[in-house]
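None of the figures in this text is laboratory data; all of them are computed from the coordinates on show. The shown structure was predicted, so the numbers you read here are calculated from the model rather than taken from an experiment. Cβ placement follows ideal geometry from the backbone for every residue including glycine, while neighbour counts extend to all protein chains displayed.
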Amino acid sequence: MATRFRTAFLDAGGVLVYPNWQRAAAALAAAGTPVDPARLAAAEPAVKRHLDVAPTVKATNDEQRGFLYFDLVLTQAGVTPSPATDAALRDLKAFHDREGTWDVVAPDAVATLQRLRDAGLRVVIVSNTNGTLRRMFERVGLAPHLDQVIDSSEEGVEKPDSRLFEIALERSGADRATTIHCGDLYEIDVVGARRAGLPAVLLDPAGLYGHADCPRVRSLTDYA
């Protein structure tokens, strides 16, 4: 991390935490549709990239993209949609609405957060989510490593709207000139940060954004 930065804004899902594919596979198996969780995880990057285009982002909100996301992951993984899979997804959504199902901590998350704070940076989460983010971070042990959490559901506005970044700047007391954002979706994180006058780094572990006009890293370790 370049030393001129004093605050790191980070997305949550796809950066610090990932979907719990074991839980998803268990829900599908209980509905009579067994699938290897590794197949679901392997299908995810291409699906996310497919949805990360301006027309889709402009025409949907975060919740709507979430429904599309899980449906497409199942299809990409070779699971034929059915009433059983619909029931499994409803069960997963009910859990997500209560607790947050993106609760698998990235292997390098804690070490990265610690390096950022050791370097004197404040760490602020700026995420499109559903109001469960703080509780989920407490549950998985990431809360002590964070200085501020900005949850779009609590604020009534979501990325790429620059207002969520403006709220984060004001709430954290961060200086725009020394703040940088890192997220995993170009049209949401990079575009949104730039609208707020912030530089952005794209986390691209699968190398699917070769033509993106922004800095890219393959892992959090490369970021900090």
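Consider all pairwise Cα distances in the range 1-114 and report the whole-number % of them above 21 Å.
More than 21 Å apart: 43 percent of the Cα pairs in the range 1-114.
Using a 7 Å offset from Cα along Cα-Cβ at A46, what residues in the range 61-99 end up with backbone N under 20 Å from the label point?
Once the point is set 7 Å along Cα→Cβ of A46, 66-82 turn out to lie under 20 Å by backbone N, inside the range 61-99.
Any idea how far apart A212 and Q22 come out in nm if each label point goes 7 Å out from Cα toward Cβ?
Each label point is offset 7 Å from its Cα along the Cβ direction, giving 2.8 nm.
Considering the chain as a Gaussian network with a 10 Å cut-off on Cα pairs, which listed residue, A200, A24, A59, attains the greatest mean-square fluctuation?
A59
Based on the mean of other beta carbon atoms within 10 Å per residue, what is the order of 28-37, 75-84, 9-18, 156-165, most packed first? Could the numbers behind the result be given before it?
Values: 28-37: 15.7, 75-84: 14.0, 9-18: 23.7, 156-165: 19.7.
Result, highest mean first: 9-18, 156-165, 28-37, 75-84.
Between helix 109-118 and the chain, what is the angle of the helix's C-alpha long axis to the longest principal axis, kept within 0 to 90° and rounded to the nearest 10?
10
Helix 162-172 versus the longest principal axis of the chain: what angle, 0 to 90°, nearest 10, using Cα atoms?
With rounding to tens, the tilt is 60 degrees.
Assuming 0.36 nm per residue, please report the length gained on full extension of the stretch N61 to A94 beyond their Cα-Cα distance.
Gain on extension, N61 to A94, equals 10.0 nm.
Nothing charged except the Cβ atoms of Lys and Arg (+1) and of Asp and Glu (-1): what's the magnitude of the dipole of the chain about its Cα centre? Round to the nearest 20 debye.
The dipole of the chain has a size of about 340 debye.
How large is ³J(HN,Hα) for each residue in the range 73-87, as worked out from phi by the Karplus curve 6.51 cos²θ - 1.76 cosθ + 1.60 (θ = phi - 60°), to whole Hz, x for Gly and Pro?
Running phi through 6.51 cos²θ - 1.76 cosθ + 1.60 with θ = phi - 60° gives 4, 4, 4, 5, 7, x, 9, 7, x, 7, x, 5, 5, 4, 5 Hz.
What angle do you read, to the nearest 10 degrees and between 0 and 90, between the alpha-carbon axis of helix 21-30 and the longest principal axis of the chain?
On a 0 to 90 degree scale, this one is about 20.
Find which of T7, A24, T60 sits farthest along the positive direction of the dipole of the range 1-107, computed with +1 on the beta-carbon of Lys and Arg, -1 on that of Asp and Glu, about the Cα centre.
Looking along the dipole axis, the top candidate is T7.
Bin width 5 Å, origin at 0, all Cα-Cα pairs of the range 107-218: what percent of pairs per bin?
2, 11, 21, 23, 23, 15, 3, 0
Identify all aspartates and glutamates with a Cα-Cα distance to K159 below 15 Å; exclude those on the same chain that are fewer than 8 residues away in sequence.
By straight Cα distance, K159 reaches D11, D52, D62, E63, D151, D184, E187, D189.
Could you give me D for the chain, from Stokes-Einstein at 25 °C and 0.890 mPa s, where the hydrodynamic radius is the Kirkwood radius over C-alpha pairs? Units µm² s⁻¹, please. Before the final figure, lay out the partial values.
On the way: Rh = 17.8 Å.
Rounded to a whole number, D works out at 138 µm²/s.
Given the -39500 (n - 2.57) contribution per DSSP H run of 4+ residues, what per-residue ellipticity at 222 nm results for the chain, rounded to the nearest 500 deg cm²/dmol?
That calculation yields -13500 deg cm²/dmol at 222 nm.
Points 7 angstrom from Cα along the Cβ direction at T221 and V157: gap in nanometres?
Placing both labels 7 Å along Cα→Cβ, they lie 3.8 nm apart.
Rounded to whole Å, give me the distance from the Cα center of the range 140-219 to that of the range 67-97.
Going from one Cα centre to the other spans 27 Å.
May I ask which residue of V79, L198, F137 lies farthest towards the positive end of the charge dipole of the chain, with charges of +1 (Lys, Arg) and -1 (Asp, Glu) on Cβ and the Cα centre as origin?
Farthest along the dipole direction, towards plus: L198.
At what distance in nm do the modelled label points of Q114 and R135 sit from each other, each positioned 7 Å from its Cα along Cα→Cβ?
Label at Q114, label at R135, 2.9 nm between them.
Taking the Cα centre of the range 100-185 as origin, sum charge times position over the Cβ atoms of Lys and Arg (+1) and Asp and Glu (-1), and report the length of that vector in debye to the nearest 20.
Values: 10 positive and 14 negative charges, 37 e Å.
That gives a dipole near 180 debye.
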